[in-house]
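**Q** My structure is below; once you've seen it, I'll send some questions.
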Amino acid sequence: MSNDIYQFSANDTSGQSIDLAQFKNKVMLIVNTASDCGFTPQYEGLQDLYQKYQPEGFEVLAFPCNQFKQQEKGNDAEIKQFCDLRFNIKFPLFSKIEVNGENAHPLFDFLKSEAPGLLGSKGIKWNFTKFLVNKKGEVVKRYAPTTKPEAIESDIKNLL
């Protein structure tokens, strides 16, 4: 098994399988998101970073998840509509997944093993946990849900 994220694929909100290998040589911020969370306004900061650095090879990959107090109740179409109307996001939005437990998406199992949380915790504690991935597909840092996207900007610039 390789040690990068290019081995994974995930479905987008229209059900199309997206191979993460298409993001080779790009810096990525992978985030588990939710539409009804106190951190939901971070979508705006994520879109700002994406707009600013996408031309330089930066991608934001958003993975809606309903595992934390059911804060992502909608189906994929409803989630996409919410993100489009409320935040006008342009970065890839994937199909709703689980990030913890036996049904966790393999990508998130990999992310958690590469960048454990505080005290070595393997689980994701809440929505808007963020993983920064370098151009080689290696996980370089994990950020808490409370970390605002703009606080990650210098780390992104260093990797671009």
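Since every read-out is calculated from the coordinates, none of them should be taken as a lab result. Note that the structure is a prediction, hence the values are computed from the model and not measured. All Cβ positions, even for glycine, are placed from backbone atoms using ideal geometry, and neighbour counts span all protein chains on display.
**Q** Quick one: which of 80/125; 52/73; 90/122; 90/148; 24/73; 73/136 span more than 26 angstrom between C-alpha atoms?
**A** On the way: 80/125 23 Å; 52/73 30 Å; 90/122 30 Å; 90/148 19 Å; 24/73 32 Å; 73/136 34 Å.
Check vs 26 Å cut-off fails for 52/73; 90/122; 24/73; 73/136.
**Q** Helix-derived [θ] at 222 nm for the chain: sum -39500 (n - 2.57) over DSSP H runs of at least 4, divide by residue count, nearest 500? Walk me through the numbers on the way to the answer.
**A** On the way: 4 runs with 40 residues, N = 160.
Roughly -7500 deg cm²/dmol at 222 nm, from the helical runs in the chain.
**Q** Where Rh is the Kirkwood radius over the Cα pairs of the stretch 18-126, the temperature 37 °C and the viscosity 0.692 mPa s, what D in µm²/s does Stokes-Einstein return? Working shown, then result.
**A** Working: Rh = 14.6 Å.
Result for D is 225 µm²/s.
**Q** With the chain treated as a Gaussian network of Cα nodes joined by springs under 10 Å, which of 81, 22, 71 yields the largest mean-square fluctuation?
**A** With Cα springs under 10 Å in the chain, the top fluctuation among 81, 22, 71 is at 22.
**Q** Further, regarding this structure: Sequence gap at least 6, Cα distance under 8 Å: using those rules, report the relative contact order of the chain to the nearest whole percent.
**A** Values: 294 pairs, mean separation 49.2, N = 160.
Computed value for the chain: 31 percent relative contact order.
**Q** DSSP loop trypsin sites (Lys or Arg not before Pro) in the stretch 1-62 with at most 14 other Cβ atoms within 10 Å of their Cβ, which ones?
**A** Numbers: sites: 24, 26, 52; in loops: 24, 26.
Those satisfying the criteria are 24.
**Q** Moving to a separate point now. For a quick check: with amide H placed at 1.01 Å from N, whose amide H comes under 5 Å from residue 98's, ignoring anything fewer than 5 positions away on the same chain?
**A** Long-range HN contacts for residue 98: 105.
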